[in-house]
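The values are calculated or read from the model by the stated rules, or taken from the named source; none is laboratory data. Here the structure is a predicted model, which means the values were calculated and not measured. Please note: Cβ atoms are built from the backbone with ideal geometry, for glycine as well, and neighbour counts cover all protein chains shown.
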Amino acid sequence: MSNENMMKSAKRPHGLGRGLSALLGDVAREEPVTPTAATPPSTKTIQSIEVALIQPHPEQPRRHFDDGALQELADSIAKRGVIQPIIVRPHGGGFQIVAGERRWRAAQRAQLHRIPAIVRDFDEAETLEIALIENIQREDLNPIEEAEAYRKLIAEFHHSQEALGRLVGKSRSHVANLMRLLDLPGPVQQQVIERKLSMGHARALIGAPDCENLARTVEARGLSVRDTEQLVRRTRKGDDAPSRRQAAPRENDPDIAALEQHLADILGVKVAIDYGQGGGGALTLHYSTLDQLDMLCQRLSGERI
């Protein structure tokens, strides 16, 4: 191997957004790993590691494991073994899970003493990135867990929202919208975690007055996302003591009307143009749902929809 190729291979991988298959592509065969091994395990083989030597990562994005689904996986593992190896990194005197904590937990329930694993020497940021990618690809995270993972990667490892979007194959607005869920009160976040409220419900409730009571009402009545948005709008109007001064009606200008219609056709929302005598004015875009607002923001920012 040339010096140039060796330098390239030593660099930190940037293609994490392609998924975990790149991590598994060079696996050759299974080899046992014992705590007294004199040499570090190869990163090009599947290792058979004692379950007792493996510990979960304390900052694993996924915090909630459905007990029934976990037992089903344990029953399957008891019959067929662990089909897909977990990914771990050396840590202390043993190993720390990078991806596959659910399989590790199920293997413990199935009373397995060893589990197949791929050992990689990842740093802390790479560990969290890969754990996040694996869970998102498997759709294992609830919106709050995903948002908390984004917040940690931004706060501790200085990722931008745009970089995180590329990392997980999502738009920047998706990352931003998820992180806004962390502004909700704790009890409302818990309703999202328990799947009692969808992400659409939660987004409609952000910044709403008396948010917790509204969330309980939404759950109790089984309201749709649109009904929730209307409920929030009615609540906000009731809280607005001073009424806004109505703008004076403007004369119909066929050129302005044509421009409004042209912009509406492009943006997909109602457009109003108010112009003044001095040449200035206001351009107003009307949306009826949060999804429509999200679409509008993506079009104005040039992001893919």
Condition (residue is more than 30 Å from Pro209 (Cβ to Cβ) and either crowded, with 17+ Cβ neighbours inside 10 Å or of a type in the set (Lys, Arg) (or both)) applied to segment 178-192: is it met by at least one residue?
no
Hey, among the residues in segment 52-80 that are in contact with a strand residue (DSSP E or B) (Cβ under 8 Å, 6 or more places away or on another chain) and assigned to a loop (DSSP other than H, G, I, E, B), which one's surrounded by the most Cβ atoms within 10 Å (Cβ to Cβ)?
Gln60
Matching residues in segment 94-117 (touching a helix residue (DSSP H, G or I) at 6+ places or on another chain (Cβ under 7 Å) and within 10 Å of Ile49 (Cα to Cα)) number 5
Of everything in segment 233-268 that's among the basic types (Lys, Arg) and at pLDDT below 75, which residue is farthest from Pro209 (Cα to Cα)?
Arg250
Got at least one residue in segment 122-139 being more than 28 Å from Val51 (Cα to Cα), surrounded by 17 or more Cβ atoms within 10 Å (Cβ to Cβ) and not aromatic (Phe, Trp, Tyr)?
no
Filter segment 104-155 down to residues that are small (Gly, Ala, Ser) and touching a Gly at 6+ places or on another chain (Cβ under 8 Å), then give me how many there are.
1
Just to confirm my filter: which helices (runs of 4 or more DSSP H) fall fully inside segment 115-195 and include at least 2 residues that are out of contact with any Leu (no Cβ under 8 Å at 6 or more places or on another chain), of a type in the set (Gly, Ala, Ser) and in the same structural domain as Arg62 (by TED's automatic domain parsing)?
none
